[in-house]
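Undergrad: Below are the structure tokens for one structure; questions will follow.
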Amino acid sequence: MAQSRIVSNLMAAAVLAALPLVTTGQTAAPGATSKVPRAADGKPDLNGVWQGGSNRIGTWEEANGGGGTNATTGQITPFAVRGAPEKAPYQPWAAEKVLESFNRRGIDDPMARCLSPGVPRTTTMGLFPMQIVQTPKTIVMLFEVFHVFRVIQIDAKHPDDLESSFMGDSVGHWEGDTLVVDAIGFNDKTWLAGTGTFHSDKLHVIEKFTRMDQNTIAYEVTMEDPAVLTKPWVQRSTIMLRPGTRLREYECAENNTDLDRYEKLLKDESVFRRK
Amino acid sequence: MKRASNPPFATLVLLLAAGISASAHHSFGAEYDANKPITLSGIVTKVEWTNPHSFFYLDVKDASGKVSNWKLEGFPPNVLYRTGWKKDVTLKQGDEITVTGWHARDGSDWGHSREVTFKDGKKLFFGPPAGTGDGGNAPAVADPAK
């Protein structure tokens with residue numbers, strides 16, 4: 001197809017153009033294209049089944065198994081974020097705790113105990129898709145992983161009777177074509193992104209969802225937590241449309257053998273520790 | 001940060017570091033050793049199509065004729081469906097297969113599966129690559145020791 005040839009040429013040009021540019025830190029996606037689907041109220045239409053955690057178009061295996069963020073094969077999605085992500089700006093004592101979790105190979109991951117992944121981890125997670133259901137007043141995000149959901153009221157305020165929870169409380173508003181979601185009310189029992197990235201119940205998450213074209217949402221998340229971070233931690237990635245995919249069931253506690261195995265492994269950590 | 005020097009197509013690149021990595025329910029590296037790959041051939045004795053992980057059991061005969069029953073871990077049913085498997089059809093008790101994967105750190109007859117090859121030569125992935133859920137190649141914070 002002519003279109004795919006154009007994309008291939010663009011990609012080739014991009015690779016050549018980008019090679020001399022070795023940078024740290026991420027760069028934001030450019031402006032949205034004119035191909036953004038619109039809802040009846042004129043806002044970008046985010047309805048559909050999506051997935052984060054990968055920038056590879058293709059089969060589920062290509063996107064999530066041999067593919068995903070570490071792949072060297074398969075077609076990369078347009079708008080994929082380039083460059084190494086910012087290291088998490090933890091306070092020294094907290095960074096030591098994150099590093100210890102990494103050295104223990106994430107054996108303390110709350111998800112292994114079937115606890116909700118929290119925010120923003122649920123959104124940036126690969127392998128499991130999410131569905132966005134959008135109305136002018138409410139946007140619902142349904143996540144296949146652990147049956148987690150987020151109900152995001154538009155132009156609303158956080159309730160004043162919040163109690164800490166795994167997924168917190170989310171409210172949203174539109175800034176032009178970008179959906180901005182503000183989330184607070186978290187407990188301290190989830191991880192933010194990578195292994196060991198713990199947080200306190202002071203966590204405040206601001207997410208920006210910008211649909212760039214038919215297949216891509218540019219996603220920017222700012223995590224604020226003065227109890228453990230030295231400054232806000234910003235991560236950028238993309239969320240890609242998965243046409244033809246429907247959410248299925250992922251019930252964690254059915255046959256979770258990990259806890260028994262971990263109990264045995266933890267009797268001698270030298271068996272699995274990195275160092 | 002404004003980056004005026006960016007080439008026009010700089011967002012279309014093949015490089016992306018895994019800051020937000022594909023995640024798994026649990027740590028591969030705590031339970032399995034990526035430096036101990038295994039290839040096993042045998043007869044399927046049982047299939048558990050379950051969450052958060054599916055398993056199948058394989059009778060494997062060693063050189064002396066002794067049979068061991070291996071337990072192989074893999075994707076949950078939702079992911080198996082998307083990678084081409086059909087419950088009770090694709091893999092059944094009595095099937096003769098070969099599977100690649102990695103050995104459990106505790107040395108038991110337990111493995112993390114990757115690719116299954118069927119008798120007719122067909123190949124399907126039953127589990128993810130090594131290293132999911134265990135932190136990947138680098139921690140989320142700078143390592144002061146490096």
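Undergrad: Provide the solvent-accessible area of B:SER108, counting protein heavy atoms only and rolling a 1.4 Å probe, rounded to the nearest 10 Å².
TA: 40 Å²
Undergrad: A follow-up question, please. Please sort by residue number the GluC sites (Glu not before Pro) in segment A:101-194 whose DSSP state is loop and whose Cβ has at most 10 other Cβ atoms within 10 Å.
TA: Details: sites: A:GLU144, A:GLU163, A:GLU175; in loops: A:GLU144, A:GLU163.
Those that pass, being in a loop and sparsely packed, are A:GLU163.
Undergrad: So, one more: Quick check on segment B:68-146: what does the Kirkwood estimate of hydrodynamic radius come out to from the alpha carbon pairs, in Å? Write out the running numbers ahead of the final one.
TA: On the way: mean 1/r = 0.0687 Å⁻¹.
Mean inverse Cα-Cα distance, inverted, gives 14.6 Å.
Undergrad: In addition: Can you compute log10 of I(q)/I(0) for segment A:190-275 with the Debye formula, treating each Cα as one identical point scatterer, at q = 0.16, 0.17, 0.18 Å⁻¹?
TA: Once normalised to I(0) and log-transformed, intensities are -0.98, -1.01, -1.02.
Undergrad: In Å and from the alpha-carbon atoms only, list the Rg and Dmax of segment A:84-206.
TA: 15.3, 46
Undergrad: Taking beta carbons within 10 Å but only from partner chains, what does the mean come to for residues A:91-104? Before the final figure, lay out each step's value.
TA: Values: counts 0, 2, 0, 1, 6, 2, 1, 5, 8, 1, 5, 8, 3, 5.
The mean count of partner-chain Cβ atoms within 10 Å per residue comes to 3.
Undergrad: Can I ask one more? Could you calculate the FRET efficiency of A:ASP161 with B:ILE43 from 1/(1 + (r/R0)^6), where r is the beta carbon distance between them and R0 is 45 Å, rounded to 0.05?
TA: Numbers: r = 59 Å, r/R0 = 1.32.
That gives a FRET efficiency of 0.15.
Undergrad: Using only atoms on other chains, find how many Cβ atoms lie within 10 Å of each Cβ of peptide A:109-115 and report the average. All intermediate terms of the calculation are to be shown ahead of the outcome.
TA: Numbers: counts 9, 0, 7, 8, 2, 4, 0.
That works out to 4 on average.
Undergrad: List the pairs from A:LYS189/B:LYS86; A:LYS189/B:LYS46; A:LYS267/B:LYS66; A:LYS264/B:LYS86; A:LYS264/B:LYS46; B:LYS61/B:LYS123 whose alpha-carbon separation is above 29 Å, in the order I gave them.
TA: Values: A:LYS189/B:LYS86 36 Å; A:LYS189/B:LYS46 36 Å; A:LYS267/B:LYS66 31 Å; A:LYS264/B:LYS86 34 Å; A:LYS264/B:LYS46 25 Å; B:LYS61/B:LYS123 22 Å.
Going by Cα-Cα distance, A:LYS189/B:LYS86; A:LYS189/B:LYS46; A:LYS267/B:LYS66; A:LYS264/B:LYS86 fall outside the 29 Å limit.
Undergrad: For segment B:24-38, state which residues have at least 40 Å² less accessible area in the presence of all protein chains than in their chain by itself, taking the probe as 1.4 Å and leaving out ligands, DNA and RNA.
TA: Going by heavy-atom accessible area, the residues of segment B:24-38 that drop by at least 40 Å² are B:HIS25, B:ALA30, B:GLU31.
Undergrad: Work through the residues other than A:ALA63 whose Cβ is under 12 Å from its Cβ and net out their charges, Lys, Arg +1 and Asp, Glu -1. Don't jump to the answer; show the numbers that get you there.
TA: Numbers: positive: A:ARG56, A:ARG242, B:ARG82; negative: A:GLU61, A:GLU62.
Here the count lands on +1.
Undergrad: To continue, here is another question. Specify the inter-centroid distance of segment A:224-249 and segment A:117-168, based on alpha-carbon positions, in whole Å.
TA: Segment A:224-249 and segment A:117-168 have Cα centres separated by 11 Å.
Undergrad: A further question on this structure: Quick one: which of A:133-139, A:44-50 comes out on top by average Cβ neighbours within 10 Å, and what's the full order, highest first?
TA: Working: A:133-139: 15.0, A:44-50: 18.4.
Output ranking for A:133-139, A:44-50: A:44-50, A:133-139.
Undergrad: Can you work out the FRET efficiency for the pair A:THR222 and B:ASP143, with r the C-beta to C-beta distance and R0 = 35 Å, to the nearest 0.05?
TA: Details: r = 24 Å, r/R0 = 0.69.
Once the sixth-power term is evaluated, E becomes 0.90.
Undergrad: When the scattering of segment B:26-125 is computed by the Debye formula from its Cα atoms alone, each counted once and equally, what is log10 I(q)/I(0) at q = 0.13, 0.19 Å⁻¹?
TA: Log10 I(q)/I(0), no solvent term: -0.42, -0.92.
Undergrad: Mind grabbing the interface size between B and A? I mean buried accessible area, both sides, 1.4 Å probe, in Å² to the nearest hundred. It would help to have the intermediate numbers written out before the result.
TA: Working: alone 9860 and 15080 Å², together 19050 Å².
Protein heavy atoms only, the B-A interface buries about 5900 Å².
Undergrad: Related question: Summarise the accessible area of segment B:64-126 (1.4 Å probe, protein heavy atoms) by the percent that is carbon and sulfur. Working shown, then result.
TA: Values: 1440 of 2960 Å².
Ligands and nucleic acids excluded, carbon and sulfur give 48 percent.
Undergrad: For B:TYR57, B:TYR81, give the ranking by accessible area with the largest first, probe 1.4 Å. It would help to have the intermediate numbers written out before the result.
TA: On the way: B:TYR57 35, B:TYR81 120 Å².
Result, largest first: B:TYR81, B:TYR57.
Undergrad: Same structure again: If we count every other residue with Cβ under 9 angstrom of A:THR222's Cβ, Lys/Arg +1 and Asp/Glu -1, where does the sum land? Mind showing how you got there, number by number?
TA: Details: positive: A:LYS208; negative: A:GLU207, A:GLU220, A:GLU224.
Taking every Cβ under 9 Å from that of A:THR222, the sum is -2.
Undergrad: Can you pull the mean other chain C-beta count within 10 Å for peptide B:86-95?
TA: Working: counts 0, 0, 0, 0, 0, 0, 0, 0, 0, 0.
The per-residue average across the peptide is 0.
Undergrad: Sticking with this one: With all protein chains present, calculate the accessible area of A:MET141 using a 1.4 Å probe and round the result to the nearest 10 Å².
TA: Answer for A:MET141: close to 0 Å² accessible.
Undergrad: What nm value, rounded to one decimal, do you get for the distance between A:ASP41 and B:LYS92 when each label is placed 7 Å out toward the C-beta?
TA: 5.3 nm
Undergrad: While we're on this one: Using alpha-carbon pairs under 8 Å, 6+ residues apart, how would you state the relative contact order of segment B:16-146 in percent? Each step should come with its number before you reach the end.
TA: On the way: 253 pairs, mean separation 39.4, N = 131.
In percent, rounded to a whole number, it is 30.
Undergrad: Would you mind counting up the charge near A:GLY52? Only other residues with Cβ under 13 Å from its Cβ, with Lys and Arg at +1 and Asp and Glu at -1. Present the calculation step by step, with values, prior to reporting the outcome.
TA: Working: positive: A:ARG56, A:ARG121, A:ARG236, A:ARG242; negative: A:GLU144, A:GLU207, A:GLU220.
So the surrounding residues net to +1.
Undergrad: Pop out a list of residues from segment A:122-145 that are at least 10 Å² less accessible with all the protein chains around than in their chain alone; 1.4 Å probe, no ligands or nucleic acids counted.
TA: A:THR124, A:MET125, A:GLY126, A:LEU127, A:PHE128, A:GLU144
Undergrad: While we're here: Among DSSP beta bridges lying fully in segment B:26-125, give the percent that are antiparallel, nearest 5. Show your work: numbers first, answer last.
TA: On the way: 30 of 33 bridges.
Restricted to segment B:26-125, the bridges split so that about 90 percent are antiparallel.
Undergrad: Let me ask you something else. So how far apart, in nm, are the two label points at B:ASP120 and B:SER64 if each is 7 Å from Cα heading toward Cβ?
TA: 3.8 nm
The values are calculated or read from the model by the stated rules, or taken from the named source; none is laboratory data. Please read all numbers here as calculations on a predicted model, not as lab measurements. Reconstructed Cβ throughout: ideal geometry from the backbone, glycine too, with neighbour counts over all protein chains shown. Areas reflect the complete protein model, heavy atoms only, side chains present, ligands, DNA and RNA absent. Shrake-Rupley method; radii C 1.70, N 1.55, O 1.52, S 1.80 Å.
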